[in-house]
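Structure, as structure tokens:
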């Protein structure tokens, strides 16, 4: 029997893995037991490898039909459905929170003095440089920096709950 195990172990494992999706040692052990019990029934008409492969395939089919596999598959499917529902719910919650934060930022921006709001929007949202803003507003770069500093300071106070 030791010779049979050594000779056909890889073939048996490959069949089990292909049919069940994983290496199931219980099935492998059952293959060896059935082979040992039925050695006297083996007829040397075909190859021994084919005979032991058939035993392996039949045991895999029986395993896949078993209530244990059906029950575990059902549980896995139900778990996947629950996770999907949780993910969708979390996605909706995240989207809601994102919109809520955006509204708070817009409200805080709207509450700034017009000159501060203008510089903050140009710099942060339109990605304009200090030089571009100064050119557009026809004011010194130092004034742009000062306004941006003051806008950020006020926004940090108004949006402290978000930070």
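Laboratory data are not the source of any read-out in this text; all were calculated from the coordinates shown. Predicted model, so just to flag it, every value in this text is computed and none were measured. Don't worry about glycine lacking a Cβ; one is built from the backbone with ideal geometry, like all the others, and counts go over all protein chains shown.
Extending 7 Å from the Cα toward the beta-carbon at both residue 103 and residue 66 defines two label points whose distance is 5.6 nm. Extension gain for residue 40-residue 149 works out to 30.1 nm (0.36 nm per residue, less the C-alpha to C-alpha distance).
A Gaussian network model of the chain, with springs between Cα atoms under 10 Å, assigns the largest mean-square fluctuation among 148, 112, 39 to 39. When shorter helices are ignored and each DSSP H run of at least 4 residues is given -39500 (n - 2.57), the per-residue value for the chain at 222 nm works out to -26500 deg cm²/dmol. Here the relative contact order of segment 98-163, from alpha carbon pairs under 8 Å that lie six or more residues apart, stands at 38 percent.
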